[in-house]
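Okay, structure first, notes after.
No lab work stands behind these numbers, since they all come straight from the coordinates. Everything numeric here is computed off the predicted structure, so don't read it as measured data. So basically every Cβ, Gly included, is an ideal-geometry build from the backbone, and we count neighbours across all protein chains shown.
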Amino acid sequence: EAQVTQNPRYLITVTGKKLTVTCSQNMNHEYMSWYRQDPGLGLRQIYYSMNVEVTDKGDVPEGYKVSRKEKRNFPLILESPSPNQTSLYFCASSLIQGQGFPGANVLTFGAGSRLTVL
Amino acid sequence: GIQVEQSPPDLILQEGANSTLRCNFSDSVNNLQWFHQNPWGQLINLFYIPSGTKQNGRLSATTVATERYSLLYISSSQTTDSGVYFCAEFSGVTTDSWGKLQFGAGTQVVVTP
């Protein structure tokens, strides 16, 4: 089944304890991205990747890191989590059309990861 | 980057009613997508509609790119239509930042039996 898999789905942690949220897709998609969802703010993009070893910042990258060493995986790393990073996180992926941007292809989202930082 | 405004922010419908949701954009529309987030949090792509009109069952969408807006129509609403509807556009299409995606704040829809 074609899907985007995120882990963990739920996590409660403490301030400063490094954590990684994994994202994996089995559709051979070039484009992958991370979003956070907060009440009243919709979804905001954290980082995106157009292909292996190609990553760039979205609108809210502060406090996060990503890597894209393999096409299928795009982990989100919180080196020193703080309470303002408590949120619902989504990973998504899509193909990239020949024009060079992913918009023309359907985004597939993971199920979400609810993170609480105490 | 591009600004995306959605209206209304909240909508309560009785089952069977029709409704229209709107997205306005501050810049040109090239890759507009509509998404539905169900009450369990799952996000599903409804339409990719940079221009024109598309229909999928009881849902249809129209984008008027020249006027920088898009409409999502829900006809004969059902309780399963409840959730949050988002529109989104990729910004920076003509720059190096081709992958930046901007979402609207969403329209919360509640369909009552």
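The Stokes-Einstein estimate for segment B:9-113, based on a Kirkwood radius over Cα pairs and taken at 20 °C with 1.002 mPa s viscosity, is a diffusion coefficient of 152 µm²/s. The alpha-carbon positions of segment A:1-106 define a convex hull whose volume is 108 Å³ per residue. Comparing mean-square fluctuations of A:93, A:33, A:67 from a GNM of chain A with C-alpha springs under 10 Å, the top value falls on A:67. Considering only B:104, B:6, A:10, and ranking their Cα positions along the charge dipole of the protein assembly as shown that arises from unit charges at the beta-carbon of Lys, Arg, Asp and Glu, the one farthest toward the positive end is A:10.
Each Cα pair under 8 Å and six or more residues apart adds its sequence gap; the mean of these over the residue count of chain B is a relative contact order of 36 percent.
For the cross-link pairs A:57/B:54; A:18/B:100; A:17/B:100; A:17/A:71; A:18/A:57, the ones whose C-alpha atoms lie over 23 Å apart are A:57/B:54; A:18/B:100; A:17/B:100; A:17/A:71. Working from Cα pairs under 8 Å separated by at least six residues, relative contact order for chain A is 35 percent. Among the GluC sites (Glu not before Pro) within segment A:13-92, those in coil by DSSP and having at most 14 neighbouring Cβ atoms inside 10 Å are A:53, A:62, A:70, A:79. The H on the amide N of residue B:78, modeled in the peptide plane, is under 5 Å from the matching H of B:16, each at least 5 residues off or on a different chain. Shielding value for A:85-95 is 1, the average number of Cβ atoms from other chains within 10 Å of each residue's Cβ. For chain B, modelled as a GNM with alpha-carbon contacts under 10 angstrom, which of B:78, B:42, B:55 fluctuates the most? Maximum among the listed residues: B:42. Rounded to the nearest 20 Debye, what is the dipole magnitude of chain A about its Cα centre when Lys and Arg each give +1 and Asp and Glu each give -1 at the C-beta? Result for chain A is approximately 280 debye, rounded to the nearest 20.
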